[in-house]
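The numbers here are math on the coordinates, done by the rules we state, and not lab data. Just so it is clear, the model here is predicted, and its values are computed rather than measured. Virtual Cβ from ideal backbone geometry, glycine too; neighbours counted across all protein chains shown.
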Amino acid sequence: MLVICLVCLISACTQEEPALWDGPEIGQSRDQLTVVQLQADNTLPLLDMSYFAKPEWASEATENFSGSVSFADTRLIFTKERESYPGEDIFPAFTVDFIAHEGALIPVQKEPIFTSQDSSSFWDVIVGTGAVWQEEGDGDWSRASFPLSLIDRYMGQVRNCVGTFVYQPDVMSHVYVQCSQETADFNDNSGGDIRVMLSKVTYQPMTFPNAGQIIAQHGEHEAGRLPILPLSTIDTDGEIAAYFNKSLRT
């Protein structure tokens, strides 16, 4: 029995690490998540997350964004080494309101959005503050992205995602979502590489009577955040960084 336990322990400790990501990053001329792609129903390959963020060379958004965005249940691309739980492969139906202000895309709903009443999905949702901007190659379209967490309502595991779309004053494109990081137990046997093109999106432009209050609360929240520093600045001896190359179990 002791030998069997030791063999199992050694096998677990020597489990193959996931391959390092070596895909291309966004360049000055965007070649992924283009306006054309975001209006088609095709699923895109796994992308570097730089394609979802505002590039340094982008300019300020020329159009405002204020309104309600509703999603429908949509099948996820979610590869895993086990059987799926009921509803795990479904992006949930839910509605979220956004207000754009000074380059920030602010969600009106800060708290978790519970989806079980309107969706057959396994996931609840938290939507974070994103960004809006303009890219030269987008023509009359402005661009937006926002962080999105899919929360397993049974065990509390989270898939951390980013959604992106392009928009004009009264219309928006599909929303492409990719999840490339997760907090899951070691035996979950699923990576964070989830993606979906959300084509069943309804956008209702509107102004919110409490927009000023929402924007002010956002400003207070941002002012109270801890500063974000490079790891090299706070970890000069590399002690913290060393943990990112270890398999740790709790």
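Remarks
- Within the listed set 142, 173, 232, the Gaussian network model of the chain (springs between alpha-carbon atoms below 10 Å) gives the highest mean-square fluctuation for 232.
- Efficiency of FRET between residue 118 and residue 232 - r from beta-carbon atoms, R0 45 angstrom, step 0.05: 0.50
- Among the GluC sites (Glu not before Pro) in the stretch 102-172, those placed in a DSSP loop whose Cβ has at most 15 other Cβ atoms within 10 Å are 102.
- Choice from 139, 67, 238 with maximal GNM fluctuation in the chain (Cα, 10 Å cutoff): 238
- Dipole axis of the chain (+1 Lys, Arg; -1 Asp, Glu on Cβ), positive-most option in 68, 42, 26: 68
- Only DSSP H runs of four or more residues enter the estimate; each adds -39500 (n - 2.57), and after division by the residues of the chain the mean residue ellipticity at 222 nm equals -3500 deg cm²/dmol.
- For trypsin sites (Lys or Arg not before Pro), the sites in the stretch 71-100 that DSSP calls loop and that have at most 12 other Cβ atoms within 10 Å are 82.
- Going through (1) 6, 26, 33, 23, 9, 2, 1; (2) 8, 35, 38, 17, 2; (3) 6, 18, 14, 9, 8, 7, 7, 7, 7, 8, 6, 3, 0, the figure that equals P(r) over Cα pairs in 10 Å bins from 0, in percent as computed for the structure here is (1).
- Taking the Cα centre of the chain as origin and assigning +1 to Lys and Arg Cβ atoms and -1 to Asp and Glu Cβ atoms, the resulting dipole is close to 480 debye.
- Among the GluC sites (Glu not before Pro) in the stretch 31-64, those located in a DSSP loop and surrounded by at most 13 other Cβ atoms within 10 Å of their own Cβ are 56, 60.
- For the options 65, 91, 78, a Gaussian network treatment of the chain with springs between C-alpha atoms closer than 10 Å singles out 78 as fluctuating the most.
- Table column - 3J(HN,Hα) (Hz), the stretch 38-51, Karplus curve with 6.51, -1.76, 1.60, x for Gly and Pro: 6, 10, 10, 9, 6, 8, 8, x, 4, 10, 5, 5, 5, 5
- Residue order for 110, 246, 54, fewest other beta carbons within 10 angstrom first, comes to 246, 110, 54.
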